[in-house]
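Here is the structure we will look at, set down as structure tokens.
The values are calculated or read from the model by the stated rules, or taken from the named source; none is laboratory data. Values in this document were obtained by computation on a predicted structure and should not be read as measured data. Every residue, glycine as well, gets a Cβ built from its backbone with ideal geometry; the counts of neighbours run over all protein chains shown.
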Amino acid sequence: MYQGNTLRLTALDDGVVELTFDLQGESVNKFNARAVTELSEALDLLEARSELTGVLVTSAKSSFMVGADIAEFEAVFAAGGDSVKAHLTKNIRNFNRLEDLPVPVVALVDSHVLGGGMELCLACDYRIAAHGARLGLPETKLGIIPGWGGTVRLPRLAGVDTAVEWIASGRDYKADAALKVGVVDAVVDSGQLHAAGLHTLAQCRSGLMSFQARRKAKTEPLRLNPTEAGLAFESSKGVVAAQAGKHYPAPLAAVKVMQKAAGLSREQALELETETFAKLASTPTAQALVGLFLNDQKLGKKAKQWASRAEKPVNRAAVLGAGIMGGGIAYQSAVKGTPVKLKDIAQAGIDQGLAEANKLLAKQVERGRLDVRAMGDALNRIEPALSYDGFEQVDIVVEAVVERADVKKAVLAETERQVSQDVILASNTSTISITSLAESLQRPENFCGMHFFNPVHAMPLVEVIRGERSSDEAIARTVAYAQALGKKPVVVKDCPGFLVNRVLFPYFAGFAELVREGVDYRRIDRVMESWGWPMGPAYLLDVVGLDTALHAESVMAEAFPDRLQRKFVSCTEALHNAGRLGQKNERGFYDYQLDRKGKPQKVVSEEAEQLINAQVEHKGADIDDETLIARMMVPMATELMRCLDEGIVESPAEADMALIYGIGFPPFRGGVLRWIDSLGADAFSAMLSACESLGPLYQLPPSSRERFKQEPIFYPRPS
């Protein structure tokens, strides 16, 4: 009946027509502008078909639909509110037309359906999902709300509590959970989906099921009296606001929209949703989160390109050094399906590594993410080893021994003699030059860095570091392994600190200078956490470990003495000298006590305050919060610009995502470079000018000055 680039119509028996989404040239369906146009054309044909008795909405892809085409959002959002409303209105009209067809409409959800695809399903009369399917409305994670009727239809279909939970959280849910709350009407085996859909349409034709009653509920005001609605929404708003936080306005905005629309008709409620969507789309948060989403896609695409160049897959891996870090890497490999040898020189090390892996797997079982059988399978993929027996069969070896160059060089050279000629060796080092470590190897082209962040299971980023003699194959296979572990690999050039630590330690240097000048470290933590960081610099140093931080600081200071060489005893050093190492010994800038769940919780330490007051020079600084933020952020920003100019990282997108995934830079700001773009060249230049008298740490590198003659500085305007 109809064949487009994104969908087709097929006439079936008994007057039923199947509307199948199948975006050509893509692995997934998404609602781009072409799909919106073609859906309108398909609806023209359906509305004109006199013999029509029912419509099945299906997908030819392995998943139903991932939602709107986010790549189109940047230009639409940048064009302003009227552009946003026009963009939304076309598909709002489509979904209303689908909902208003004179025949029943059934959506068959075979796998994932998200965002705009979910809103399409909500416009249908019935939804039947396959076991294993997942459904959700993730728009609030982009700083917006559902814009094609999600806030209108879901509360009328499944109730206020479910709608608030689904929309405000942005999570996706299993089909069985969706069935329990009435979001889907049936869950069947994937092979039975089509037959179940046809059966439902037949039930409607026979009068045993009333699709008209379904529609009436979705197109009329919410079936709650004002008192009930008020109680339901008001109780939700406080919870949602607390969970989302002040930097993420979309979840609370979604609840407010649903509350205001509760007494309205479908058309009136949709107008309110559109107005709110347009307002949110203009916020810096939405623009940053959309940019972050697109940067993540670029990151994934680049990693996929690298992985495709690997001449050999990673079927088996090995980890050298079975401590907490080695055990974490082995766990990640095993739980994601790649068998791994875990080698140490002592049984005590093996025991510690296996204990770490076992603990992490047990937590997954406890949280319902794995069953006991899957846990056993994962443990069986970890092979403990005190020798190199069987190492000739592995495809990559990750060295994770103590952070000492002499030890690493000896271990890597010894390992190279035990493996086949084409095995890739990778060092999990946070500070030591990959080029320097390669000096001990006969095949330096088969060696690169693979820097994991701690804790391995929780931190998404892996820096893949290219030394001067690292080959493309070494990089490609290491990236492929990182992807197999479920990580976000970023390829960077070798330099002291690589990318993330090189940028992080100027931030810590700014912190040390502020404390030296008399600014309370607890206040600095509060201000930076209020700005959006998950933890302030003092708290972060405790988590990293003060001994680890001082070692890395010394490496960085030797490499960049003009910016990082200090001539005073820092607060970090004062605490370390007194035996306070941070969370690892429950004494750092804060003291730590375990809560009921066994997690360390920080409390104020009088001893830490006294040590800092006694040993750190004070100048009695009195600065406001805005200046404090500038003093913290300018060193990080200027160092990241240096890394970009030097080619340590190839693109602003990779630079920003590395800091978000590696150290938790506030996602709602989109990354350091996007944050600078949001400020604008003049505002950031003024921030620099106010700080530049403090020395090289606060001065823009000459190589970056040309950038500030253009606007935006790092990301081109969407067109």
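Taking region 389-418 as the search range and keeping residues that are in a loop (DSSP other than H, G, I, E, B) and of a type in the set (A, V, I, L, M), which one is nearest to Glu558 (Cα to Cα)? Across region 389-418, the extreme among qualifying residues is Val402. When we screen Leu360, Leu437 for residues that are among the hydrophobic types (A, V, I, L, M, F, W, C) and over 27 Å from Gly467 (Cβ atoms), the only hit is Leu360.
Return the residues of region 419-445 that are assigned to a loop (DSSP other than H, G, I, E, B) and farther than 25 Å from Arg502 by Cα; say none if nothing qualifies. Residues satisfying the conditions are Val419, Ser420, Gln421, Asp422, Val423, Leu441, Gln442, Arg443.
Within 18 Å of Met535 (Cβ to Cβ), in contact with a helix residue (DSSP H, G or I) (Cβ under 8 Å, 6 or more places away or on another chain) and crowded, with 20+ Cβ neighbours inside 10 Å: does that describe Leu644? Here the answer is no, as Leu644 does not meet what is asked. Taking region 342-388 as the range and being of a type in the set (A, V, I, L, M), in contact (Cβ under 8 Å) with a residue 24 or more places away in the chain, out of contact with any helix residue (DSSP H, G or I) (no Cβ under 6 Å at 6 or more places or on another chain) and assigned to a helix (DSSP H, G or I) as the test, the residues that pass are Ile350, Leu354, Ala355, Leu379. Close contacts from region 595-608, counting a first residue that is not assigned by TED's automatic domain parsing to the domain that holds Asp525 and in a loop (DSSP other than H, G, I, E, B) and a second that is of a type in the set (Lys, Arg) and surrounded by 10 or more Cβ atoms within 10 Å (Cβ to Cβ), with Cβ to Cβ under 8 Å and a gap of 6+ residues or different chains, come to none at all. The criterion of at least 1 residues that are aromatic (Phe, Trp, Tyr) and assigned by TED's automatic domain parsing to the domain that holds Ala614 is met, among helices (runs of 4 or more DSSP H) falling completely within region 471-582, by 500-516, 521-531, 537-544. Checking Ala458, Ala385, Ala400 one by one, the residue that is closer than 23 Å to Ala334 by Cα, surrounded by 24 or more Cβ atoms within 10 Å (Cβ to Cβ), not assigned by TED's automatic domain parsing to the domain that holds Leu550 and not charged (D, E, K, R) is Ala400 and no other. If you take the residues in region 208-242 that are of a type in the set (A, V, I, L, M) and not in a helix (DSSP H, G or I), which one is surrounded by the fewest Cβ atoms within 10 Å (Cβ to Cβ)? In this case the residue turns out to be Leu208. Does Gln332 meet the test of being modelled with pLDDT under 95 and either assigned to a helix (DSSP H, G or I) or surrounded by fewer than 21 Cβ atoms within 10 Å (Cβ to Cβ) (or both)? No, not satisfied. For region 549-582, filtered to residues that are over 19 Å from Val515 (Cβ atoms) and touching a residue at least 12 places away in the same chain (Cβ under 8 Å), the residue that is surrounded by the fewest Cβ atoms within 10 Å (Cβ to Cβ) is Asp562. Looking at the structure I just gave you, is Asp100 outside the structural domain of Gly670 (by TED's automatic domain parsing), under 23 Å from Asp13 (Cβ atoms) and not aliphatic (A, V, I, L, M)? For Asp100, the condition - outside the structural domain of Gly670 (by TED's automatic domain parsing), under 23 Å from Asp13 (Cβ atoms) and not aliphatic (A, V, I, L, M) - is not met. Arg417 - would you say it is among the basic types (Lys, Arg) and either within 28 Å of Ser433 (Cβ to Cβ) or modelled with pLDDT under 95 (or both)? Judged against the criteria, Arg417 is a match.
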